[in-house]
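Colleague: Questions regarding the structure given below will be posed in turn.
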Amino acid sequence: MSEYDLAIIGWGAAGFAAAIKASELTSNQMKIALIGTGPIGGTCVNVGCVPSKFLIEASKNYKEATKPSYRGITANANINFSEFMESLNDFVSTERNTKYADVIKNFENIDMYEGMAKFIDNNTVAVNNKDIKALNFIISTGSRTLIPEIKGLTDYYTSDTIWNMRELPGKIAVLGSGEVALELAYAFSNFGTEVHIFNRSNRILKGFDEDINNHLINALKTNGIIFHLGQNFQEIINKNGKKSIVTEAGTFDNFDSLLVATGRVPQIDKLNLKAAGISTDNGIVVDDSLKTTNPIIYAAGDCIRQSLKLETLAGKEGVIAVENMLGGSRTINMHEVPWVVFTEPNVASVGYTEAELKSKNIEYDVRTVELKNVVKANILNSYDGIAKVISGKDKKILGVHVVAPMAAEFIIEGVYLIQNGLTYDNLINAMHVFPTVAESIKIGGQAFIRDISKMSCCMD
């Protein structure tokens with residue numbers, strides 16, 4: 001049996017962040033076991049945000065080359081999709097080595113074990129027939145794709161396997177309408193693929209107000225994506241290399257490929273958590289300190305019971321779990337956590353939505369600015385979007401929600417506003433660069449004090 005101060009199960013964003021933070025706080029004196037399966041780095045760098053954003057940016061480049069957005073410019077482009085996907089996977093490999101494999105070499109106090117961990121009691125796990133005992137544990141095993149039960153559902157891609165695709169489909173069906181489904185659908189539509197999105201729900205993204213969703217749907221429709229919402233899947237028919245989607249509304253034929261992106265669920269099934277006295281309920285149950293029902297075991301990232309599944313959140317939770325394990329008392333305010341859908345336009349959000357405030361009977365004011373009022377958006381020929389600022393009756397900013405180009409790059413302003421309890425007066429008084437799309441948030445603040453249609457450029 002090997003004994004450690006800390007054993008971390010899962011070597012993705014949360015696990016690595018926890019291992020590094022624990023090492024930093026103890027001057028590399030803490031003896032740590034880092035246990036995992038599959039490529040190090042977990043979902044994000046290998047099959048999640050890194051390859052998907054590479055795909056999206058390349059697809060935008062291709063679309064702009066084939067369909068320039070400015071009058072007087074003509075161009076054309078060709079794509080060798082197989083070669084492009086090889087370059088994508090090469091990039092992922094480089095980032096995995098740079099951000100994970102090379103980083104871990106700096107910490108001699110960390111031993112790595114490749115294999116599936118299984119609890120055998122409240123402070124011991126078995127990994128490849130080797131027992132590992134620790135004073136504390138952090139579970140950070142992430143999530144896995146959720147595959148729905150549909151008759152005939154075979155030979156499909158998921159967000160984990162789409163990176164093996166080497167032939168660009170002429171027509172693809174996407175099951176699901178969450179952020180992963182929409183981002184991949186958007187990328188393929190840019191490459192010229194005919195994209196159909198199917199979902200049982202009659203709406204897209206959970207957690208956004210309807211006006212945000214409607215603007216995004218309109219933008220994606222303009223990009224050629226066809227939506228089939230509120231459709232119950234009955235069967236998938238595979239015939240002569242093509243697929244048909246059978247729903248209550250009818251049958252949709254001749255799809256070359258099928259992408260299942262119906263969500264992700266915590267990857268905790270094989271850990272034997274009961275042996276360690278750990279409770280679960282759609283994920284590992286933790287308190288505000290990220291401690292499980294076993295007082296020496298913490299959990300972080302996608303494996304815990306929480307709605308947001310983000311690498312940034314997982315990394316922060318890994319750090320906080322370590323700090324609290326060592327006597328700290330840090331917590332996370334989920335209303336200060338930004339999240340983004342990297343379609344074009346981006347959808348970026350932080351803070352309360354109107355729906356949340358109404359459900360809690362919290363009084364609020366809201367102002368919504370259409371992008372046609374933002375000069376830089378007009379320069380970019382991007383008109384279908386909004387910036388929405390929500391304030392309390394005390395003028396403090398409660399939420400910022402944006403559908404706009406590059407919104408991912410400036411939603412941090414909303415984080416600072418909410419985190420520091422600032423008001424729309426503070427927002428207005430902060431000088432913004434002109435012309436930028438980020439100015440849309442300031443104009444949203446100005447809409448509380450005046451009619452912005454009667455306002456000139458760069459006015460406070």
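Colleague: All but one of (1) touching a strand residue (DSSP E or B) at 6+ places or on another chain (Cβ under 6 Å); (2) under 24 Å from VAL50 (Cβ atoms); (3) of a type in the set (S, T, N, Q) hold for SER159; state the number of the condition that does not hold.
Modeller: (1)
Colleague: Quick test for you: out of ASN128, ASN61, pick the one residue that is on the phi < 0 side of the Ramachandran plot and of a type in the set (S, T, N, Q).
Modeller: ASN61
Colleague: Go through the stretch 27-55 residue by residue and tally those that are free of Cβ contacts under 8 Å to residues at least 24 places away in the same chain and more than 23 Å from the chain's Cα centre (by Cα).
Modeller: Total meeting the criteria: 1.
Colleague: Continuing with this model, one more query. Taking the condition outside the structural domain of ILE297 (by TED's automatic domain parsing) and closer than 30 Å to ILE278 by Cβ, does GLY170 pass? Step through it out loud before you land on a result.
Modeller: Numbers: outside the structural domain of ILE297 (by TED's automatic domain parsing): yes; closer than 30 Å to ILE278 by Cβ: no.
No, not satisfied.
Colleague: Have a look at ALA321, ALA348 and point out the one that is touching a residue at least 60 places away in the same chain (Cβ under 8 Å), assigned to a strand (DSSP E or B), surrounded by 19 or more Cβ atoms within 10 Å (Cβ to Cβ) and hydrophobic (A, V, I, L, M, F, W, C).
Modeller: Only one candidate passes the filter, namely ALA348.
Colleague: Have a look at PHE137, PHE91, PHE84 and point out the one that is hydrophobic (A, V, I, L, M, F, W, C) and either closer than 24 Å to GLN29 by Cα or in contact with a Leu (Cβ under 7 Å, 6 or more places away or on another chain) (or both).
Modeller: After ruling out the rest, the residue left standing is PHE137.
Colleague: Taking the residues in the stretch 373-408 that are charged (D, E, K, R) and at pLDDT 95 or above as candidates, determine which candidate is surrounded by the most Cβ atoms within 10 Å (Cβ to Cβ). Walk me through it before giving the result.
Modeller: Of the stretch 373-408, the ones charged (D, E, K, R) are 376, 384, 388, 393-396.
Still in the list and also at pLDDT 95 or above: 376, 388, 393-396.
Working: LYS376: 19, LYS388: 24, LYS393: 9, ASP394: 9, LYS395: 15, LYS396: 16.
Looking at residues that are charged (D, E, K, R) and at pLDDT 95 or above, I get LYS388.
Colleague: I'd like the residue in the stretch 125-149 that is surrounded by fewer than 18 Cβ atoms within 10 Å (Cβ to Cβ) and in contact (Cβ under 8 Å) with a residue 40 or more places away in the chain and, out of all such residues, is nearest to GLU323 (Cα to Cα).
Modeller: Applying the filter and picking the extreme gives LEU135.
Colleague: So, ASN106, is that one farther than 30 Å from ALA187 by Cβ and outside any strand (DSSP E or B) or not? Let's see the steps before the verdict.
Modeller: Details: farther than 30 Å from ALA187 by Cβ: yes; outside any strand (DSSP E or B): yes.
For ASN106, the condition - farther than 30 Å from ALA187 by Cβ and outside any strand (DSSP E or B) - is met.
Colleague: Also, quick follow-up: So, in the stretch 109-135, of the ones that are assigned to a loop (DSSP other than H, G, I, E, B) and among the polar types (S, T, N, Q), which residue ends up nearest to LEU34 (Cα to Cα)?
Modeller: Here the answer is ASN109.
Colleague: Tell me whether the stretch 435-442 contains one or more residues that are within 28 Å of THR343 (Cα to Cα), part of a loop (DSSP other than H, G, I, E, B), under 30 Å from the mean Cα position of the chain (by Cα) and not aliphatic (A, V, I, L, M).
Modeller: Yes, the stretch 435-442 has at least one match.
Colleague: Hand me the list of strands (runs of 3 or more DSSP E) wholly inside the stretch 158-242 holding 2 or more residues that are free of Cβ contacts under 8 Å to residues at least 60 places away in the same chain and buried (at least 20 other Cβ atoms within 10 Å of the Cβ).
Modeller: In the stretch 158-242, the matching strands (runs of 3 or more DSSP E) lie at 194-199.
The values are calculated or read from the model by the stated rules, or taken from the named source; none is laboratory data. None of the values given here were measured: they were computed from a predicted structure. Note that each Cβ is placed from the backbone with ideal geometry, even for glycine, and that neighbours are counted across all protein chains shown.
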